[in-house]
Structure formats: C-alpha cells, structure tokens
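Peer 1: Dropping a structure here in structure tokens format, bear with me for questions.
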Amino acid sequence: MGIVALFALVLLQPALTIWMMADHATGVAGTRAIRLDDGSVAWLGAESAIQVPFDETTRRVTILSGEAYFEVQRDACRPFRVSADGVTTTVLGTAFDVRSDPDAVSVAVGHGKVAVASARAPGMATDPLEAGDWISIDQTGHAERGRSDPELAGGRRSGLLVVQDRPVDEMVRVLGRYQRGRIIIIGSGLAARRVTGIYDLRAPDEALLAVAETHGATLRLISPWLTVVSGW
C-alpha cells in the first residue's frame with residue numbers, strides 16, 4: 001500500500017467506524033430529516049451520525065458525531081434521552097438541539113423543558129433548560145450557560161447558523177462540516193475570540209470569510225482541501 005493511500009486510510013478510519021455504527025448519517029454539507037419509530041423527528045446536520053436503540057421502555061438516541069435537532073413526541077411512559085460524549089439530555093415532549101464537538105457538548109432548547117446531566121461532572125447541578133436556554137459543557141466538566149431567541153435553536157434546519165457570543169474555533173468546526181477539506185486557525189488568541197451573527201450554511205466559504213473579517217483575520221485557500229485562517 002502506498003504512503004498516500006495509507007495516510008488517507010488513517011484519516012478516514014474514524015469516520016468509517018462511525019458510519020458502520022450509525023443507524024442514520026449525513027455527509028459533508030448534507031442534512032437530513034428522519035422520522036423515528038415513535039413519531040419524533042430528528043434533523044441531522046452535516047457530517048452527523050446517530051444510533052437509535054429504541055425499545056418498549058426506553059427511547060434513546062446516541063449522537064456519534066455532529067449535531068441533531070429533535071422534535072419529540074410526548075410519551076410519559078418512555079422518556080426521550082439523547083446522549084453525546086457523556087452528556088445526557090432527558091425530555092418528555094419538546095424541541096431541542098444537541099451538538100457534539102471534540103471539546104464540548106452543547107444543548108439548546110427551542111420549546112419545552114429538558115434536564116441535562118454530564119458524566120464529566122457527576123456533581124454538576126443545573127436547573128432544567130427551558131425555551132431559549134442553552135448550555136455548553138467542555139471536557140473538564142465546566143459548564144457555560146446562556147439565553148437566546150428560542151427560534152435560533154432550530155435555525156440550521158433552514159440552512160442558517162445563528163450564533164451568539166461563541167468562540168471562533170467553534171464556528172470553524174461547524175462550518176467545516178459544510179465544505180470539503182480542512183480548516184486550520186493560526187495566530188495568537190484568534191481561536192478564542194467571540195463571534196455573534198447569522199451565517200448561511202449553503203455558502204460556507206462566504207460565512208467563513210465573514211467570521212475572519214470580523215476579527216481582522218485573513219483567509220487563504222492553500223488547496224481545495226486546506227483553508228488557513230490567519231489572525232495576529
């Protein structure tokens with residue numbers, strides 16, 4: 001096997017493993033609406049994958065990668081639980097978004113109420129999230145919580161990414177799911193700077209440029225497979 005082929009296999013192995021485990025998945029820039037067995041609907045974002053091991057007593061969804069927005073049918077006898085990298089969201093009937101990134105899991109509520117628990121922080125005590133509430137829990141168990149317009153939780157279903165005071169590196173990870181190739185951030189402190197705005201996921205290059213220009217950064221297309229965002 002050639003070096004290039006071997007390198008490609010190493011890069012693709014995690015994605016292939018997730019794809020084989022998933023009940024439903026999307027590719028780069030792909031989105032999909034899935035009606036689950038109980039009548040609930042899951043909207044998968046780009047490069048997202050879920051498992052749906054429903055049974056007679058439990059409705060459970062596991063997010064293997066990416067993001068999904070859920071419109072949940074009420075069933076008092078079977079709570080609806082979504083797990084993502086150690087963070088579990090439990091509801092009876094509501095609409096909410098869960099995103100799993102390498103360093104954090106985020107939950108945002110469109111309507112209804114959800115309870116969020118994290119294996120990363122077993123002692124973490126949070127009030128239930130209601131419409132407009134969001135929470136982001138990082139790998140250390142630190143939780144950041146805030147409020148925004150409840151309609152923003154499901155904005156990605158219409159091809160829009162609506163963010164309020166979020167880090168640049170989080171934005172870059174999301175936009176990276178909607179275009180081919182890799183995006184790299186270089187420059188002191190750029191990744192941690194904050195962004196607020198509405199971006200069109202159908203034009204990820206333009207959205208990325210807008211994020212860069214907000215902080216005086218530059219965008220360089222090294223190849224169709226590599227984009228560099230530079231800021232100093």
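Peer 1: Working carefully through the options 127, 138, find the one that is farther than 16 Å from residue 196 by Cα, out of contact with any helix residue (DSSP H, G or I) (no Cβ under 7 Å at 6 or more places or on another chain), at pLDDT 85 or above and of a type in the set (Asp, Glu).
Peer 2: Being farther than 16 Å from residue 196 by Cα, out of contact with any helix residue (DSSP H, G or I) (no Cβ under 7 Å at 6 or more places or on another chain), at pLDDT 85 or above and of a type in the set (Asp, Glu) holds for just one of 127, 138, which is 138.
Peer 1: Does region 196-221 hold any residues that are under 18 Å from residue 177 (Cα atoms) and β-branched (Val, Ile, Thr), and which are they?
Peer 2: Result: 198, 211.
Peer 1: Count, please, the residues in region 52-67 that happen to be under 20 Å from residue 108 (Cα atoms) and of a type outside the set (A, V, I, L, M). Explain how you work it out, then say what you get.
Peer 2: The first filter runs over region 52-67 and keeps only residues under 20 Å from residue 108 (Cα atoms), leaving 59-67.
Pick out the ones that are also of a type outside the set (A, V, I, L, M) and you get 59-60, 62, 65-67.
Qualifying residue count, region 52-67: 6.
Peer 1: Additional query: Considering each residue of region 101-126, count those that are within 23 Å of residue 176 (Cα to Cα) and either open to solvent by less than 20 Å² (accessible area, probe 1.4 Å) or in a loop (DSSP other than H, G, I, E, B) (or both), and give that number. Don't jump to the end; show me each part of the working.
Peer 2: If we filter region 101-126 for residues that are within 23 Å of residue 176 (Cα to Cα), which is where we start, we get 101-108.
Filter once more, keeping what is either open to solvent by less than 20 Å² (accessible area, probe 1.4 Å) or in a loop (DSSP other than H, G, I, E, B) (or both): 101-107.
Final tally of qualifying residues: 7.
Peer 1: Any idea which of (1) in a strand (DSSP E or B); (2) of a type in the set (Ser, Thr, Tyr); (3) exposed (fewer than 14 other Cβ atoms within 10 Å of the Cβ) is the one residue 188 doesn't satisfy?
Peer 2: Result: residue 188 fails condition (1) only.
Peer 1: Of the residues 177, 182, which single one is basic (Lys, Arg), under 19 Å from residue 28 (Cβ atoms) and open to solvent by less than 30 Å² (accessible area, probe 1.4 Å)? So that I can check it myself, show each step before the final result.
Peer 2: Numbers: 182 fails: open to solvent by less than 30 Å² (accessible area, probe 1.4 Å).
The match here is 177.
Peer 1: Could you grab me the full set of residues in region 21-75 that are in a loop (DSSP other than H, G, I, E, B), in contact with a Lys or Arg (Cβ under 7 Å, 6 or more places away or on another chain) and surrounded by 17 or more Cβ atoms within 10 Å (Cβ to Cβ)?
Peer 2: Selection gives 26, 45, 46, 47.
Peer 1: Within region 219-232, track down each residue that is farther than 19 Å from residue 166 by Cα, surrounded by 13 or more Cβ atoms within 10 Å (Cβ to Cβ) and not aliphatic (A, V, I, L, M).
Peer 2: Selection gives 227 alone.
Peer 1: When region 141-158 is examined, which residues are found to be at pLDDT below 75 and open to solvent by less than 20 Å² (accessible area, probe 1.4 Å)? Write out each step before concluding.
Peer 2: Our first condition is that a residue be at pLDDT below 75; within region 141-158, this holds for 151-158.
If the condition is that a residue be at pLDDT below 75 and open to solvent by less than 20 Å² (accessible area, probe 1.4 Å), then 153, 154, 155 are the ones that fit.
Peer 1: What is the one condition in (1) in a loop (DSSP other than H, G, I, E, B); (2) at pLDDT 90 or above that residue 93 does not satisfy?
Peer 2: Of (1) in a loop (DSSP other than H, G, I, E, B); (2) at pLDDT 90 or above, only one is false for residue 93: (2).
Peer 1: Could you list, ordered by first residue, the pairs with Cβ atoms under 8 Å in which the first is in region 200-216 and in contact (Cβ under 8 Å) with a residue 40 or more places away in the chain and the second is basic (Lys, Arg) and surrounded by fewer than 21 Cβ atoms within 10 Å (Cβ to Cβ), at least 6 apart or interchain?
Peer 2: 215/193
Peer 1: Could you list, in sequence order, the residues of region 119-143 that are small (Gly, Ala, Ser) and either within 18 Å of the chain's Cα centre (by Cα) or under 25 Å from residue 93 (Cα atoms) (or both)? Before you say what the answer is, go through the steps one by one.
Peer 2: Taking region 119-143 as the starting set, the residues that turn out to be small (Gly, Ala, Ser) are 119, 121, 123, 125, 131-132, 136, 141, 143.
Those that are small (Gly, Ala, Ser) and either within 18 Å of the chain's Cα centre (by Cα) or under 25 Å from residue 93 (Cα atoms) (or both): 119, 125, 131, 132, 136, 141, 143.
The values are calculated or read from the model by the stated rules, or taken from the named source; none is laboratory data. Being a predicted model, the structure only gives us computed values, none of them experimental. With ideal geometry, Cβ positions are generated from the backbone for all residues, glycine too; neighbour counts draw on all protein chains shown. These area figures cover heavy atoms from the full protein model, side chains too; ligands, DNA and RNA do not enter into them. Shrake-Rupley method; radii C 1.70, N 1.55, O 1.52, S 1.80 Å.
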